[in-house]
Amino acid sequence: FLFGSLLGRFVCGWMCPFGLVQDLLHKIPLYHKKKRLPFHHILKYGKYAVLVLLVCVGSVFLFGEYVKIPAFCKYLCPSGTLLGALPLLGANEALREQAGGLFIWKLGMLLFLMVLSVKIYRPFCQYLCPLGAIYGWFNRFSLVQIYWDRTQCVSCHACEHACPLALSLDEISCSTECIRCGKCVNACPQKCLHFRGKRTNPDQSK
């Protein structure tokens with residue numbers, strides 16, 4: 001939470017292990033690649049629903065008492081299944097014997113998201129991740145920003161084409177969806193997009 005409050009969704013772009021898994025899956029040369037799902041403008045709020053219903057409400061009230069394992073981790077988290085549950089089950093026969101319907105459900109969710117990641121860029125990050133929802137709130141105020149020098153811009157839209165999340169130039173950096181991946185910076189032929197720390201002069205940035 002501390003890193004997220006200071007860096008915003010830079011954490012998603014550069015530090016998240018499951019984000020890396022999705023990135024690698026998206027590089028597999030299968031299907032016609034898409035950046036978003038249909039009805040993205042509605043589905044993108046799914047991560048806020050997960051945050052409220054599973055992380056906040058679900059963890060406290062789902063069973064009428066406080067749950068030591070949050071409902072999100074117990075019922076949905078694909079990262080925990082891939083990086084935690086599967087290695088533990090592989091190394092412990094006793095745990096494998098206890099795995100039941102709940103594990104099958106979570107494994108199914110993991111497989112679904114992994115297959116979807118081959119076609120859609122980071123579907124879990126875009127639509128279901130509650131941490132991404134929290135980090136996005138800090139994007140406008142984070143220490144890491146992407147600044148746009150309008151005086152050098154020739155409106156070629158290379159940055160928008162390169163953005164894996166299909167953000168417009170006005171949305172880059174300030175949007176709650178921007179993960180600071182830097183692909184727009186690399187794509188700009190005029191070098192008018194720059195990674196920089198938070199500045200106090202808003203006239204030179206967007």
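Pop out the ³J(HN,Hα) list for region 41-49 in order, Karplus 6.51 cos²θ - 1.76 cosθ + 1.60 with θ = phi - 60°, rounded to Hz; leave Gly and Pro as x.
4, 9, 5, 5, 7, x, 5, 6, 5
So for each of 150-156, 113-119, 84-90 I average, over its residues, the number of other beta carbons within 10 Å; can you give me the resulting order with the highest mean first? Can you show the working numbers first?
Working: 150-156: 11.1, 113-119: 18.4, 84-90: 13.4.
In decreasing order of mean packing, 150-156, 113-119, 84-90 become 113-119, 84-90, 150-156.
Write down the accessible area per residue of the chain in Å², having rolled a 1.4 Å probe over the full set of protein chains.
Values: 11650 Å² over 206 residues.
Ligands and nucleic acids excluded, the figure is 57 Å² per residue.
Working from the alpha-carbon coordinates of the chain, get Rg over Rh, Rh being the Kirkwood radius. Could you put the intermediate results ahead of the total?
Details: Rg = 19.0 Å, Rh = 18.5 Å.
Rounded to two decimals, Rg/Rh equals 1.02.
Just order 76-82, 41-47 by mean Cβ neighbour count inside 10 Å, highest at the front, would you? Mind showing how you got there, number by number?
On the way: 76-82: 21.3, 41-47: 14.6.
The packing order, highest mean first, is 76-82, 41-47.
How high is the relative contact order of the chain, in percent, with contacts defined as C-alpha pairs under 8 Å that are six or more residues apart?
Details: 286 pairs, mean separation 64.0, N = 206.
Answer for the chain is 31 percent.
Taking every alpha carbon pair in region 84-206, what does the distance histogram look like in 10 angstrom bins from 0, in percent?
12, 32, 24, 16, 12, 5, 0
Per 0.36 nm of contour for each residue apart, how much would the distance between LEU6 and VAL115 grow if the chain were fully extended, relative to their Cα-Cα spacing? Don't skip to the answer; put the middle values down first.
On the way: separation 109, 0.36 × 109 = 39.24 nm, distance 3.24 nm.
Stretched fully, the LEU6-VAL115 segment lengthens by 36.0 nm.
Give the angle, between 0 and 90 degrees and rounded to the nearest 10, that separates the Cα long axis of helix 101-119 from the longest principal axis of the Cα atoms of the chain.
Value to nearest ten degrees: 30.
Per the helix-only calculation at 222 nm, which mean residue ellipticity applies to the chain, given -39500 (n - 2.57) for every DSSP H run of n ≥ 4 and division by its residues, nearest 500 deg cm²/dmol? Mind dumping the intermediate values first?
On the way: 14 runs with 92 residues, N = 206.
Calculated from helices alone, the mean residue ellipticity at 222 nm is -10500 deg cm²/dmol.
Report the extension gain between LEU30 and ILE42 in nm, rounded to one decimal, defined as 0.36 nm multiplied by the number of residues separating them, less their alpha carbon distance. Write out the running numbers ahead of the final one.
On the way: separation 12, 0.36 × 12 = 4.32 nm, distance 2.64 nm.
My answer for the length gained is 1.7 nm.
Checking the table LYS47/LYS183; LYS34/LYS191; LYS106/LYS183; LYS74/LYS183 against a 29 Å threshold on Cα-Cα, which pairs fail?
Values: LYS47/LYS183 24 Å; LYS34/LYS191 26 Å; LYS106/LYS183 32 Å; LYS74/LYS183 34 Å.
Beyond 29 Å between Cα atoms: LYS106/LYS183; LYS74/LYS183.
Just to confirm my numbers, what's the Cα centroid distance between region 139-185 and region 1-22 in Å?
Distance between centres, Cα-based: 17 Å.
Is there a quick way to get the dipole size of the chain? I mean about its Cα centre, with the Cβ of Lys and Arg at +1 and of Asp and Glu at -1; what is the value in debye to the nearest 20?
Working: 23 positive and 10 negative charges, 83 e Å.
The dipole of the chain has a size of about 400 debye.
Let me check I've understood the local charge: for CYS192, count other residues with C-beta under 9 angstrom from its C-beta, Lys and Arg +1, Asp and Glu -1. What total comes out? Display every interim value, and only then the final one.
Values: positive: ARG150, LYS191; negative: ASP149.
Counting the neighbours of CYS192, the net charge comes to +1.
The values are calculated or read from the model by the stated rules, or taken from the named source; none is laboratory data. A quick note: this is a predicted structure, and the numbers were derived from the prediction, not measured. Reconstructed Cβ throughout: ideal geometry from the backbone, glycine too, with neighbour counts over all protein chains shown. Ligands, DNA and RNA are excluded from the accessible area calculation, which covers all protein heavy atoms including side chains. Shrake-Rupley method; radii C 1.70, N 1.55, O 1.52, S 1.80 Å.
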